[in-house]
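Everything below concerns the one structure shown next.
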Amino acid sequence: MASPCLQKLPAVEHLFALTRFELPEIPCSLSFQRHPEYTSITKEANEWAFKCMRRDFSPEEKKCLVQWKVPMFTCLSTPHAPKANMLASAKFAWLTAFLDDPFDDNEVAGGALATSYLNTVLSLCYGTASLAEVPDILAYRACHDLMKDLRSLLKTELFRRTVSTVEGWARSILSDDLTQDYELYRRKNVFILPLIYAMGASFDDEDVESLDYIRAQNAMLDHMWMVNDVFSFPKEFYKKKFNNLPAVLLLTDPSVQTFQDAVNTTCRMIQDKEDEFIYYRDILATNASWNGKKDFLKFLDVLSCAIPANLVFHYASSRYHGMDNPLLGGGTFRGTWILDPKCTIIVSDPKRTLHMPGEYSFYNFLDMGFAPYGDYWKNMRKLCATGTIPSRREKIGPYLLDSARRERWGFLPKRSDQWKRPTGDTVKLRRRCPPPGIPQTRT
Ligand SMILES: [Mg+2]
């Protein structure tokens with residue numbers, strides 16, 4: 001019997017030859033409110049990021065970075081947080097991109113280079129190294145500047161949690177242990193929690209150490225990285241990076257045979273994670289209400305916005321869909337995703353979006369009534385006209401010959417054998433003979 005690796009060879013071939021896939025709808029029952037100072041927070045955070053990048057950007061390059069909409073996640077997460085906290089959180093969103101990009105762009109790919117890079121990041125977080133002692137690169141500059149702000153803005157305990165989350169991310173990358181579950185590997189890679197801590201809602205240690213909280217938090221993180229894995233797949237596909245869930249499922253899961261199966265399975269898993277999050281969040285909220293923990297309830301509100309804010313960000317960021325893409329301002333979308341190295345191309349059939357029942361009840365629009373107008377529809381109409389209708393006429397023919405019924409309906413002449421023309425002369429109608437084999441009902 002072939003080994004599991006050999007069994008998956010067709011899947012590898014399929015993956016490399018991929019040109020398109022169907023993006024299903026990703027519904028979300030959680031909602032968010034926009035922060036009232038969305039525009040100014042976004043502008044300030046972007047200016048900070050440009051300053052850290054220390055480059056003379058052309059207007060076009062600036063526009064491209066603005067369209068990444070990096071601070072969007074923060075601004076959609078809570079309408080109540082103080083502006084200083086929201087700004088720090090928006091800067092942290094930029095920092096995650098700055099810290100991650102050297103890996104994405106293979107600048108610190110593995111080995112001693114990665115170890116030295118991550119150790120320097122951690123010493124800047126802990127404040128044990130000054131900026132003068134480290135090489136002058138973007139990630140170090142941004143990290144040093146933001147950690148200084150966070151140290152004064154956050155309570156000691158919360159700042160400690162922030163740094164330990166960054167440390168967890170660095171350790172998971174350093175260990176590079178790909179023998180563990182992909183889910184666990186990705187969960188550690190998404191170091192989004194400091195961004196939520198920086199928004200200003202506080203909690204006690206016991207609140208975030210209960211099993212129910214850890215389950216809710218894991219479900220939230222899983223939802224976020226799974227959404228990222230679907231939307232960043234095309235970008236990673238052209239960089240020949242396959243550390244995303246659809247590719248992992250296709251290459252490892254025996255029940256997944258095509259890339260479309262893998263995308264559909266990922267999207268189902270995303271829905272399961274949302275349900276799981278809501279289930280544990282509701283338990284936590286009920287307990288917090290009983291115990292009068294108002295701060296923790298506020299923190300749960302922020303946490304609940306993270307899932308929809310992340311989802312909306314992935315539909316709206318040029319990071320995944322290319323600059324000036326009309327899709328960026330149009331909310332959610334679904335349809336055929338044509339792979340292209342520069343921008344996302346979605347071909348969506350409006351009939352599909354508007355008439356979901358047509359997809360499920362009429363064999364994916366293969367009947368004549370729901371099929372899109374075109375050659376297929378023309379052929380179907382011809383088939384119906386030459387095949388279906390005569391056979392129906394044969395069956396209902398004798399019924400139509402019933403003169404009593406014809407008179408009652410009033411659309412046929414009352415006299416079955418005569419037809420009066422508008423000119424006044426009478427035409428004798430020929431009686432149709434019923435086809436052979438059909439019983440004659442008329443006497
Ligand atoms: Mg990704």
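The values are calculated or read from the model by the stated rules, or taken from the named source; none is laboratory data. It should be emphasised that the depicted structure is a prediction, and the values quoted were computed from it without experimental measurement. When we count neighbours, we look across all protein chains shown, and the Cβ atoms used for this are built from the backbone with ideal geometry, even at glycine.
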Original post:
Could you say whether any residue in segment 294-317 is touching a residue at least 40 places away in the same chain (Cβ under 8 Å), part of a loop (DSSP other than H, G, I, E, B), away from the ligand (no atom under 16 Å from the Cβ) and out of contact with any Leu (no Cβ under 7 Å at 6 or more places or on another chain)?
Top reply: no
Original post:
Any residue at all in segment 290-303 that is closer than 27 Å to Val347 by Cβ and of a type outside the set (Phe, Trp, Tyr)?
Top reply: no
Original post:
For segment 193-201, does any single residue satisfy the condition of being among the hydroxyl-bearing types (Ser, Thr, Tyr), within 16 Å of the ligand (Cβ to nearest atom) and closer than 25 Å to Trp68 by Cβ?
Top reply: no
**OP:** Would you mind stating whether Asp149 is at pLDDT below 90 and either surrounded by fewer than 18 Cβ atoms within 10 Å (Cβ to Cβ) or not in a helix (DSSP H, G or I) (or both)?
**Re:** no
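Listed here are the residues, each with its yes/no results for (1) outside any helix (DSSP H, G or I); (2) modelled with pLDDT of 90 or more; (3) surrounded by fewer than 18 Cβ atoms within 10 Å (Cβ to Cβ).
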{"site": "Trp169", "(1), (2), (3)": "no, no, no"}
{"site": "Met199", "(1), (2), (3)": "yes, no, no"}
{"site": "Val263", "(1), (2), (3)": "no, yes, no"}
{"site": "Lys273", "(1), (2), (3)": "no, yes, no"}
Original post:
Is at least one residue of segment 254-261 over 25 Å from Leu303 (Cα atoms), within 9 Å of the ligand (Cβ to nearest atom) and either surrounded by 21 or more Cβ atoms within 10 Å (Cβ to Cβ) or not assigned by TED's automatic domain parsing to the domain that holds Ile192 (or both)?
Top reply: no
Original post:
When segment 209-250 is examined, which residues are found to be assigned to a helix (DSSP H, G or I), of a type outside the set (D, E, K, R), in contact (Cβ under 8 Å) with a residue 12 or more places away in the chain and more than 16 Å from the ligand (Cβ to nearest atom)?
Top reply: Tyr213, Ala216, Gln217, Asn218, Ala219, Met220
**OP:** Working only within segment 49-103, note down all residues that are within 27 Å of Pro135 (Cα to Cα) and acidic (Asp, Glu).
**Re:** Asp56, Glu61, Asp100, Asp101
**OP:** Within segment 182-191, identify whether any single residue is more than 10 Å from the ligand (Cβ to nearest atom), at pLDDT below 90, buried (at least 20 other Cβ atoms within 10 Å of the Cβ) and not charged (D, E, K, R), and answer yes or no.
**Re:** yes
